[in-house]
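The values are calculated or read from the model by the stated rules, or taken from the named source; none is laboratory data. Owing to the predicted nature of the structure, the values given are computational and were not obtained by experimental measurement. Cβ placement follows ideal geometry from the backbone for every residue including glycine, while neighbour counts extend to all protein chains displayed.
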């Protein structure tokens, strides 16, 4: 019998003492360059504080909640046919998907430093707007369209 996999706990970041912020830094990080990723995220938080006149953590968490999907579709093979089965998104995956979508949306923008693009995307997501929230609604629409196959979910 196989052993239980021990999950790695992420340490909170230094400035805000928040685990979600350090997870964002880790997702922004490319090729192990954590100091650069940290600078980008904190720069984005400073820009958010300037633009919204609110606490950046509040804006960040609001953006994550607005971009986090409740449903997604998973492929399931049934007798030679593959159906897109809508499934509820559980726990940490919601936050991971929201972060991934926000970072992806920020990366696709052109002509600005990453910190500015990330701040812009987080503010848009906080205001229920932008690419990440659009991706969430597309995912929900897809799950809704395939609701007929929900009985295949197990």
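A few comments on the model shown:
- Between 107, 135, the distinction of being at pLDDT 90 or above, surrounded by fewer than 21 Cβ atoms within 10 Å (Cβ to Cβ) and touching a helix residue (DSSP H, G or I) at 6+ places or on another chain (Cβ under 7 Å) belongs to 135 only.
- Failed item in (1) modelled with pLDDT under 90; (2) surrounded by 11 or more Cβ atoms within 10 Å (Cβ to Cβ); (3) part of a helix (DSSP H, G or I), with residue 92 passing the rest: (2)
- Screening 50, 55 for residues that are surrounded by fewer than 16 Cβ atoms within 10 Å (Cβ to Cβ), within 20 Å of residue 18 (Cβ to Cβ), touching a helix residue (DSSP H, G or I) at 6+ places or on another chain (Cβ under 8 Å) and without any contact (Cβ under 8 Å) to a residue 40 or more places away in the chain leaves exactly one candidate, 55.
- Condition met for residue 97 (under 16 Å from residue 62 (Cα atoms) and buried (at least 21 other Cβ atoms within 10 Å of the Cβ)): no
- Region 18-33, residues that are under 19 Å from the mean Cα position of the chain (by Cα) and either closer than 18 Å to residue 113 by Cβ or surrounded by 16 or more Cβ atoms within 10 Å (Cβ to Cβ) (or both): 20, 21, 22, 23, 24, 25, 27, 28, 29, 30
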